[in-house]
């Protein structure tokens, strides 16, 4: 008698027919069958590719945005001063702090932590989706993610992206296993409370890493609502709330801080212009335009740059057709997976919630791909699922070559982009590791960093130094703290005039350009400076949003006994002036159709007092390019403008102490503030 487990040879008549009848009937089934058998091989291959390409792309420098350096600063402040790491998300600096304690401000060592997080997120991602999505989709996603230069960039950065991606993949692993898996469909508080506690903890940890992570709870609520799992929905909210309250209580007890993490961020994100509060808060139509503008930026530009299908340059036009195609694929995938695959359905809902919230809150001027790169593996998986399930339909099986064809196109385009970047990184890395840490920086940044190092060594510790990028100065200045100047404090003209009209003097507005051009005696100009209260900066825009006229006025409080003399002198020289500053209302009421104008009031004394309050005695003035790749004279001018408005009132208050770089070669200067010159 034959053993029932003995394999039957394929060359036996009837049995051979049985074997062939069980064979895959179409291309996708064949591919799934092949990839399923080799799944572990592709998984380990993806890890090997990550290690290979992340090493080739390794960047030993901090990024020019300085945000990654801020995480190191906050980690250092947490571990050494026990200061709460607020604003950007407290969890990642806390996780990074033990490594700062061990290695100090060792950028390379701290970057290797992110290297590990990227590997961990791939492991969690694989085990989350293995056996839950077709093997073809999983293999395509693993390989394309493993060679993607934009994703692997964060394997050598101290941004929180790598850590967030790891938590995100862990959330998917937990949610799939305990809340979607067929063997876990019955609900019991007694049996399942640990699972809900784990889910709530992960949701809070994601929010503590990046504020947008809190939106994940909305995705889970929506999924449970669609599945009509009301007890699961309520339990998830309760679990999330419990851990959030625990965290808020600990923060209150340990740091006496009861504010919500995203409170300060939200107040800034509500503004029309993040850098100019005087423009007011965004309205409903403004938010709708944000979604449209950000969809164009991040879908038609950044996403297709990540795919290697668009040039690797920051400034390039949006392509509306690509945005529409991407949304179309997403919607198609959502419809097709709705009843076919609950794991992909949740993936789509999650992406809709988090990317939608990202597009709603981001200022379009920020325009950074890192805001969506954390979702890239899931975006690849979900968009490919649209083609996969579409071509699985009986009448469309002839399209089954499309997923693999597109995968091959993206494989070659992504590989080409990654190797292109790797060639550049290899040379820079070799020079950096040899000790030349400034190699790879353009002259503007090299001079800025050198000036930060010089100032850190030569300015006494008890004296404040202000600069545009304090985090970068901190890293290269061997841990010396710097004061950041990120924006110019402004207020509306109406608020300023209300303050001025309460004083015992005449309000006078004067066109500053005319004051300089029409030969007004220096004594009058000097007298007006003393009486200056604020400067008003304005821009008129046409119907297309183009700047057509610039305004610069001085607002003065003139003692009543001096009004007649000042006014007669201005009239004698033909200088435009306005008593009670009615000129601003006149400009607004005489706009042509479609035109608009924004005025901002800037107080030089407030600017100067703010520096004095922060004990700032020196300021680094640099020529940092707006477009890092182009030397076109366009620079980040925040500090120039900050000093300009102070110098308008106090011409002799600044003194150049030290300069690095020739005048024609994007120099950096150290400026001393002579507070005594104000008197």
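The values are calculated or read from the model by the stated rules, or taken from the named source; none is laboratory data. Small disclaimer: the values here were computed from a predicted structure and weren't measured. Every residue, glycine as well, gets a Cβ built from its backbone with ideal geometry; the counts of neighbours run over all protein chains shown.
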Revision key, fill the gap. Of (1) free of Cβ contacts under 8 Å to residues at least 60 places away in the same chain; (2) surrounded by fewer than 16 Cβ atoms within 10 Å (Cβ to Cβ); (3) part of a helix (DSSP H, G or I), residue 436 satisfies every one except (3)
Review point. So which residues in the stretch 603-633 are out of contact with any strand residue (DSSP E or B) (no Cβ under 7 Å at 6 or more places or on another chain), assigned to a loop (DSSP other than H, G, I, E, B) and within 22 Å of residue 513 (Cβ to Cβ)?
Key: 633
Review point. Could you say which residue among 335, 424, 409 is out of contact with any helix residue (DSSP H, G or I) (no Cβ under 7 Å at 6 or more places or on another chain) and outside the structural domain of residue 220 (by TED's automatic domain parsing)?
Key: 424
Practice item. Return a yes/no flag: does the stretch 529-536 have any residue that is modelled with pLDDT under 90 and surrounded by 14 or more Cβ atoms within 10 Å (Cβ to Cβ). Key: no
Review point. Restricting to the stretch 236-248, what's the tally of residues that are within 18 Å of residue 349 (Cβ to Cβ) and crowded, with 21+ Cβ neighbours inside 10 Å?
Key: 2
Revision key, fill the gap. Matching residues in the stretch 646-668 (crowded, with 19+ Cβ neighbours inside 10 Å and under 23 Å from residue 487 (Cα atoms)) number 6
**Study point:** Cβ pairs under 7 Å, 6+ apart, first in the stretch 400-411 and without any contact (Cβ under 8 Å) to a residue 24 or more places away in the chain, second surrounded by 13 or more Cβ atoms within 10 Å (Cβ to Cβ)
**Key:** 402/387; 402/391; 406/387
Exercise for review: Kindly provide the set of residues from the stretch 568-602 that are buried (at least 16 other Cβ atoms within 10 Å of the Cβ) and closer than 17 Å to residue 519 by Cβ, ordered by number.
Suggested key: 569, 570, 575, 577
